[in-house]
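Peer 1: Let me give you the structure first, and then I'll get to my questions.
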Amino acid sequence: MSIYFTKEHEWVKVKEGIAAVGISEHAAHELGDITFVELPKIGKSVKQFEVLGGIESVKAASDIYAPVSGKVVKVNEALDAAPEIVNESAEDAGWMAWLEISDESELKNLMTQDQYDEYLKTL
Amino acid sequence: MEEKLQVTPLNGRHRDLKALMAPFGGWDMPIQYEGIIAEHAWCRTQAALFDICHMGEFVFQGDFEADGLEDVFTFSVKTIPVGRSRYGFLLNEQGGIIDDLIVFRLAENRVMIVVNAATAPKDFVAIQSRLRGGLLSNVTADTGKLDIQGPMSRYVMVETFGAEVATIPYFKFITMDILGCQAIVSRTGYTGELGYEIFLPAEKVGELWDLLLQDERVKPAGLGARDVLRLEVGYSLYGSDIDESTTPLEAGLEGFVNFDKEFVGKDALLRQKQQGVSRSKVAFKVAGRRSPRHHYEICFEGDTVGSVTSGVFSPMLACGVGIGFVKPELAVIGTPLTIRHERVSMEATVCELPFFRDGSLRS
């Protein structure tokens, strides 16, 4: 399954019309100890690059943007009690929400893993 | 113009440890090594070592009363017994806090004044301008300072430097030989845990750092963890919670003001006492894990009534905690507040300080 990234450091993995969304390992590392994840409400519809939720660490608070348009069908409730999972496994167990994707062609607006790795070098 | 950051004698060691560095009070300081939460937990359970060489130290030698030092601070210097220290304030004429500081009575006619890094230059000028005699020297550059804090710190110190350390009560200090130099070991700190502040010649501080870190109960901790630790026990941070526009009465720190003596700013404080303060410090707990942060708005029944000066996620309480300033009538335990910033909103309740009460501080 391919992974795509936004410039704001969200990732998305798409399988059978469902997009799993989270923040990149790089972002989790930059934030430091994550203390709170604001999960979206199930049923919420978002457009690509709109605010989906939020994340807080000891150092900072920031918004999480939707990498693709869609409707929230599932959220990672484990993060309510244990947001540190995002530090431990940002691009796997630390997923935040599943979106029912509305337009798969939006993925072309995102970066592949290689492009994202190159992008990180420019920051 | 950007001023060049000052560095402590341990700067290279922090970089070798891959610490995240950032400017603090004009100094290039370590914010974290392993991580803020891990360093915080280590300090609450083991012993954390902090590089505090950035803080300022002045020495005054003279006749406290005749030379005017007695009237400089909000507390009496002459009544501090030799071997003890006292916390209080240097105020401006309006009663605003120029700095919060600790005075150590070294000898009959000699004290060491320990001040914040960012304020050290203006503190020196203010103190000097109020003296009629004696000798005030800034010894910051020659003085190294390490804080070792945490319930294990007494065992570490006793095993490293001898049983004498075990006898030091809270807010008392001893002068002893460390690494062949005269050092001050003081039972004070900024974490709410049992701990020591060690002052010794700057050229020896690297050796002491290495020596203490050889003990596996000791790990380095940065200013990030230090901020969480101090806020959990409700200590004020100069520049965030208190500053020149804030008086000790507004900040709930009247206990460190002695109205039975003269000091600069006393008239202003007496007036404020009579007329009442227009804002008061308030402490609050957030319902949930969100963190209040500096400058977030404090609201009550829909109106903005103040702002947050310090806030953090408290690992000990597992919720957000903060302090800020509001109208005095709202600074009542149990008052429900809403903390707001852009699209972030959190419910909070006014509570007592300290947030965290079970530290090893006085054990």
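Laboratory data are not the source of any read-out in this text; all were calculated from the coordinates shown. All values reported here derive from a predicted model rather than from experimental measurement. Because the Cβ atoms are built from the backbone with ideal geometry, glycine has one as well, and the counts that use them run over all protein chains shown.
Peer 1: With labels modelled as points extended 7 Å from the Cα through the Cβ direction, what inter-label distance (nm, one decimal) is found for residue A:108 paired with residue B:260?
Peer 2: 8.3 nm
Peer 1: With the crude spin-label approximation of a point 7 Å out along Cα→Cβ, what separation in nm comes out for residue B:303 versus residue B:18?
Peer 2: Simple spin-label model gives 5.3 nm for this pair.
Peer 1: Taking the stretch B:153-310 on its own, what percent of its Cα-Cα pair distances exceed 19 Å?
Peer 2: Working: 8398 of 12403 pairs.
In whole percent, the share of Cα-Cα pairs in the stretch B:153-310 beyond 19 Å is 68.
Peer 1: What is the pair-distance distribution P(r) of the stretch B:217-363, computed from all Cα-Cα distances in 10 Å bins starting at 0, with each bin given as a whole percent?
Peer 2: Here the calculated profile for the stretch B:217-363 is 11, 39, 32, 15, 3, 0.
Peer 1: I want to verify a result. In a Gaussian network model of chain A, Cα cutoff 10 Å, which of these has the top mean-square fluctuation: A:87, A:76, A:109?
Peer 2: Its mean-square fluctuation being the largest, the pick is A:109.
Peer 1: Rounded, prolate or oblate: pick one for the stretch B:278-351, where a ≥ b ≥ c are the square roots of the eigenvalues of its C-alpha gyration tensor, a/c under 1.5 means rounded, and failing that, prolate if a/b is larger than b/c, else oblate.
Peer 2: Numbers: a/c = 1.63, a/b = 1.32, b/c = 1.23.
The shape class here is prolate.
Peer 1: Which order results if B:78, B:285, B:145, A:41 are arranged by neighbouring Cβ count within 10 Å, fewest first? Don't jump to the answer; show the numbers that get you there.
Peer 2: Working: B:78 13, B:285 19, B:145 23, A:41 9.
Exposure proxy ranking, most exposed first: A:41, B:78, B:285, B:145.
Peer 1: How would you order B:154-167, B:311-324 from highest to lowest mean count of nearby Cβ atoms within 10 Å? If you can, show how the numbers build up before the last one.
Peer 2: On the way: B:154-167: 15.4, B:311-324: 22.6.
Descending packing order for the listed peptides: B:311-324, B:154-167.
Peer 1: Rounded to whole Å and sorted largest first, list the principal axis extents of the Cα atoms in chain B.
Peer 2: 62, 50, 47
Peer 1: For labels at residue B:175 and residue A:41 in the simple 7 Å Cα→Cβ model, what's the distance in nm?
Peer 2: If labels sit at residue B:175 and residue A:41, their model points lie 6.8 nm apart.
Peer 1: Next up: List the pair-distance distribution P(r) of the stretch B:1-143, using every Cα-Cα distance, as the percent of pairs falling in each 5 Å bin from 0 up to the bin containing the longest distance, rounded to whole percents.
Peer 2: Bin by bin from 0 Å, the calculated values are 2, 9, 17, 18, 16, 13, 12, 9, 5, 1, 0.
Peer 1: Cα convex hull of the protein assembly as shown: how many Å³ per residue? Before the final figure, lay out each step's value.
Peer 2: On the way: hull volume 78.6 nm³, N = 486.
Hull volume over Cα atoms, normalised by residue count, gives 162 Å³.
Peer 1: Something else about it: To the nearest whole number, what is the average tally of beta carbon atoms from other chains within 10 Å of the beta carbons of peptide A:81-91?
Peer 2: Numbers: counts 2, 0, 2, 2, 0, 0, 2, 0, 0, 0, 0.
For peptide A:81-91, the averaged partner shielding equals 1.
Peer 1: Taking chain B as a Gaussian network, Cα atoms linked when under 10 Å apart, which of B:254, B:232, B:329 shows the biggest mean-square fluctuation?
Peer 2: Among B:254, B:232, B:329, the largest mean-square fluctuation in the Gaussian network model of chain B belongs to B:329.
Peer 1: So what is the orientation-averaged projected area of the stretch A:3-121, using the convex hull of its C-alpha atoms, in nm²?
Peer 2: Numbers: hull surface 25.9 nm².
So the Cα hull casts an average projection of 6.5 nm².
Peer 1: State, as an integer percentage, the relative contact order of the stretch B:278-351 based on alpha-carbon contacts under 8 Å between residues 6 or more apart. Write out the running numbers ahead of the final one.
Peer 2: Values: 194 pairs, mean separation 28.6, N = 74.
Value for the stretch B:278-351: 39 percent.
Peer 1: Okay, moving on. How would you rank B:120-127, B:92-99, B:291-298, highest first, on the average number of other Cβ atoms within 10 Å across their residues? Show your work: numbers first, answer last.
Peer 2: Details: B:120-127: 17.4, B:92-99: 19.5, B:291-298: 21.5.
Top to bottom by mean Cβ count within 10 Å: B:291-298, B:92-99, B:120-127.
Peer 1: What are the ³J(HN,Hα) couplings of the stretch B:226-238, residue after residue, when phi is run through the Karplus curve with 6.51, -1.76, 1.60 and θ = phi - 60°? Round to Hz, x for glycine and proline.
Peer 2: With coefficients 6.51, -1.76 and 1.60, one gets 4, 5, 5, 4, 6, 6, 4, 9, x, 6, 7, 9, 5 Hz.
Peer 1: Top mean-square fluctuation among B:310, B:345, B:76, Gaussian network model of chain B, C-alpha springs under 10 Å?
Peer 2: Maximum fluctuation in the GNM of chain B, among the listed residues, is at B:345.
Peer 1: Here's a follow-up. How high is the relative contact order of chain B? Use alpha-carbon pairs under 8 Å, at least six apart in sequence, and give a whole percent.
Peer 2: On the way: 835 pairs, mean separation 64.1, N = 363.
Across chain B, relative contact order equals 18 percent.
Peer 1: Same structure again: Given the peptides B:138-144, B:267-273, arrange them by the average over their residues of other C-beta atoms within 10 Å, most packed first.
Peer 2: Numbers: B:138-144: 17.6, B:267-273: 15.3.
Highest to lowest by the protection proxy: B:138-144, B:267-273.
Peer 1: Give the lysines whose C-alpha is closer than 17 Å to that of residue A:44, dropping any in the same chain fewer than 8 places away, or say none.
Peer 2: Straight-distance partners of residue A:44: A:71, A:74.
Peer 1: Could you work out the relative contact order of chain A, using alpha carbon pairs under 8 angstrom and six or more residues apart, expressed as a whole percent? Please report the intermediate quantities before stating the final value.
Peer 2: Working: 275 pairs, mean separation 37.3, N = 123.
Relative contact order of chain A: 30 percent.
Peer 1: Next question. If the limit is 27 Å between Cα atoms, which of A:47/B:285; B:273/B:327; A:13/A:121; B:122/B:266; B:18/B:281; B:122/B:261 go over it? Provide the component values of the computation, followed by the final result.
Peer 2: Details: A:47/B:285 35 Å; B:273/B:327 15 Å; A:13/A:121 22 Å; B:122/B:266 20 Å; B:18/B:281 37 Å; B:122/B:261 24 Å.
Violating the 27 Å Cα-Cα cut-off are A:47/B:285; B:18/B:281.
Peer 1: Rounded to the nearest whole Å³, what is the per residue volume of the convex hull around the Cα atoms of the stretch B:29-85? Display every interim value, and only then the final one.
Peer 2: Values: hull volume 8.4 nm³, N = 57.
Considering the Cα atoms of the stretch B:29-85, their hull volume per residue is 147 Å³.
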